[in-house]
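This report concerns only the one structure given below.
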Amino acid sequence: LYGMNSQGGSARGVLFSYDPTDGAYQVRVNFESDNGGGMWPFASLVQGANGRLYGTTRSGGTNNSGTLFEYDITREIYTKKVDFIDITSPSENMVLASNGRLYGLTQYGGAENVGGIFEYDPSTNSFSKKIDFQAIYGRPNGALIQLPNGKLYGVANTSSVSFGKAILFEYDPASNTFAKKVDFNPVVEGNVPSGTLLYSEGKIYGLMRYGGG
């Protein structure tokens, strides 16, 4: 098993492994504050089609705006792949899409400083920003999921817990198009979505941290 802690270790979090057969726990990577490799990982790891692990750090890197990294579990090698600079502070899980590329969200930066959607292709080591979020929709909050139709879905909310509204959105990697699908009524349907959405039997399920009837 592989996972991360957002704090502790020798500096700003660790990537660790745990062997259930013998109970062996081992720190594989220490995220340092001064080596440019990133620090404070808040999201989960995702395994790419090549078997390597990928993740993000919320801060650190060349621009101190977060990084995207690769960890080769066979060779035990950590490699920073991307320094975030335009859309910044990734803190949600990336998703491995059916096209073999990784998609993720940031909470800051972009045209209106409310984050965006990015794409990373491990096979070509290419990174690109795909969508700038608009302030009227708020910041993305929670990880993307992919449905059988090939499209990605996620949630976002405005900054005010009391008066803001959450949305559910759709992103189509094939056409690079974004669409708002649901406006949640915070009084009745809840507000401030959290965690990862779940797809089951044709429907999407999720949780709200506040609101509801």
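State, to one decimal in nm, how far the label point of LYS81 lies from the label point of ASN50, with both points 7 Å from Cα in the Cβ direction.
The modelled label-to-label distance comes out at 0.7 nm.
Per residue of the range 66-75, what does 6.51 cos²θ - 1.76 cosθ + 1.60 with θ = phi - 60° give for ³J(HN,Hα)? Whole Hz please, x for Gly and Pro, Karplus curve as stated.
Karplus-based 3J(HN,Hα) across the range 66-75 equals x, 9, 10, 10, 10, 10, 8, 6, 6, 9 Hz.
Under 17 Å Cα to Cα from LYS181, which lysines show up? Leave out anything in the same chain fewer than 8 places away.
LYS151, LYS165, LYS203
With +1 on each Lys and Arg Cβ and -1 on each Asp and Glu Cβ, how big is the dipole of the chain about its Cα centre, in debye rounded to the nearest 20?
Computed charge dipole of the chain: roughly 260 debye.
Among LEU102, ASN191, SER10, which residue has its Cα positioned farthest towards the positive end of the charge dipole of the chain, with +1 placed on the Cβ of Lys and Arg, -1 on the Cβ of Asp and Glu, and the dipole taken about the Cα centre?
ASN191
Based on the inverse mean of 1/r over its pairs of different Cα atoms, what is the Kirkwood hydrodynamic radius of the range 1-117, in Å?
14.3
What does the charge count near PRO122 come to, summing +1 for each Lys or Arg and -1 for each Asp or Glu among other residues with Cβ under 14 Å from its Cβ?
Spelling it out: positives minus negatives among the neighbours equals 0.
For the chain, what is the calculated [θ] at 222 nm in deg cm²/dmol (nearest 500), taking -39500 (n - 2.57) for each run of four or more DSSP H residues and dividing by its residue count?
Value at 222 nm, helices only, nearest 500: -500 deg cm²/dmol.
I'd like the trypsin sites (Lys or Arg not before Pro) in the range 18-77 restricted to DSSP loop residues with at most 12 other Cβ atoms within 10 Å, sorted by number.
Passing sites in the range 18-77 are ARG75.
Return the Rg/Rh value of the chain, two decimal places, where both radii are evaluated on C-alpha atoms and Rh is the Kirkwood radius.
0.98
Any chance you could run the full-extension gain for GLN134 through ASN113? It's 0.36 nm times the residue separation minus the Cα-Cα distance, nm to one decimal.
Working it through step by step, the gained length comes to 6.7 nm.
Which order, highest average first, do 140-146, 200-206 follow once you tally other Cβ atoms within 10 Å for each residue and take the mean per peptide?
Per-residue Cβ counts within 10 Å, averaged per peptide and sorted highest first, yield 140-146, 200-206.
If I model a spin label at SER6 and TYR25 as a point 7 Å from the Cα along the Cα→Cβ vector, what separation in nanometres do I get?
1.9
Note down the net charge around PHE42, summing +1 for each Lys or Arg and -1 for each Asp or Glu among other residues with Cβ under 9 Å from its Cβ.
0
If VAL187, VAL114 are ordered by their accessible area, calculated over protein heavy atoms with a 1.4 Å probe, which sequence runs from highest to lowest?
Final ranking, largest accessible area leading: VAL187, VAL114.
Name the long-range amide H neighbours of ASN191: under 5 Å, sequence gap of 5 or more, or other chain; modelled H, no Pro or chain starts.
ARG209, TYR210, GLY211, GLY212
Give me the extension gain from THR177 to ASN125: residue separation times 0.36 nm, minus the current Cα-Cα distance, reported in nm with one decimal.
Contour length minus the Cα-Cα distance gives 16.4 nm.
Accessible area per residue of the chain at 1.4 Å probe, in Å²?
That works out to 49 Å² per residue.
Share of the range 59-148's accessible area from carbon and sulfur, percent, 1.4 Å?
Carbon plus sulfur share of accessible area: 43 percent.
Using the Karplus curve 6.51 cos²θ - 1.76 cosθ + 1.60 with θ = phi - 60°, work out ³J(HN,Hα) for each residue of the range 194-201 in order, rounded to whole Hz, and write x for Gly and Pro.
9, x, 9, 5, 10, 9, 8, 6
The values are calculated or read from the model by the stated rules, or taken from the named source; none is laboratory data. The structure displayed is predicted, hence computed values, not measured ones. Reconstructed Cβ throughout: ideal geometry from the backbone, glycine too, with neighbour counts over all protein chains shown. Keep in mind that these areas ignore ligands, DNA and RNA; they rest on the heavy atoms of the full protein, side chains included. Shrake-Rupley method; radii C 1.70, N 1.55, O 1.52, S 1.80 Å.
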